[in-house]
Amino acid sequence: QVQLVESGGGLVQPGGSLRLSCAASGSIFSVYAMGWYRQAPGKQRELVASITSGGSTNYADDAKGRFTISRDNAKNTVYLQMNSLKPEDTTAYYCNAVVLRSDVHVVRDYWGQGTQVTVSS
């Protein structure tokens with residue numbers, strides 16, 4: 001099995017910063033793309049940012065210039081540095097990883113449990 005454990009969410013004032021972390025563990029041979037998504041109640045989950053194993057990144061338009069995604073391949077961990085946070089960034093954030101498992105040699109999509117980010121004064 002593979003588990004994704006997220007941390008770093010919380011309450012922050014508008015204009016503030018948060019850093020989310022997500023560590024993948026378990027039966028992992030290799031981790032391909034990793035990313036962060038967010039989902040507001042009643043809405044579809046949407047991409048915030050993604051990063052390949054080689055370091056190529058992709059951002060949603062409203063994340064560009066404010067958020068930075070990075071990863072530590074040795075730790076199978078992905079980070080999301082969020083700066084200049086706005087109240088509209090308030091929602092649950094989910095980590096995603098595309099993993100080649102070491103036990104059954106299949107590539108599957110895995111999700112974290114979600115971490116809440118609240119931007120409010």
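The values are calculated or read from the model by the stated rules, or taken from the named source; none is laboratory data. This structure is a prediction, so every number in the text was calculated from the model and none was measured. Methodologically, a virtual Cβ is constructed for each residue, glycine included, from the backbone with ideal geometry; neighbour enumeration extends over all protein chains shown. We work out accessible area using only protein heavy atoms, side chains counted, and drop any ligands, DNA or RNA first. Shrake-Rupley method; radii C 1.70, N 1.55, O 1.52, S 1.80 Å.
Accessible surface computed residue by residue for segment 20-71, with neighbouring protein chains in place and a 1.4 Å probe, gives 51 Å² per residue.
Between Trp111 and Gln3, residue separation times 0.36 nm minus the direct Cα-Cα distance comes to 38.1 nm. Overall shape of segment 15-67 was characterised from the C-alpha gyration tensor. The equivalent ellipsoid obtained from it has semi-axes of 22, 15, 12 Å, in decreasing order.
Relative to the current alpha-carbon distance between Leu11 and Ser30, full extension at 0.36 nm per residue lengthens the span by 3.5 nm. Report, ordered by chain and residue number, the lysines lying within cross-link reach of Lys86, taken as a straight Cα distance under 23 Å and ignoring same-chain residues fewer than 8 apart. Hits, sequence-local ones excluded: Lys43, Lys64. Stokes-Einstein, applied to the Kirkwood radius of the chain over Cα pairs at a viscosity of 1.306 mPa s and 10 °C, places its translational diffusion at 110 µm² s⁻¹. For the chain, a crude dipole built from +1 on the beta carbon of Lys and Arg and -1 on the beta carbon of Asp and Glu, taken about the Cα centre, is about 60 debye to the nearest 20. Using the empirical formula 2.2 N^0.38 Å as the baseline, the Cα radius of gyration of segment 26-97 reaches a ratio of 1.13. Across the protein chains, with a 1.4 Å probe defining accessible surface, the residues Trp111, Trp36 rank Trp111, Trp36 from largest area downward. From the alpha carbon centroid of segment 1-60 to that of segment 66-121 is 1 Å.
With all pairs of different C-alpha atoms in the average, the Kirkwood value for the hydrodynamic radius of segment 78-121 is 12.7 Å.
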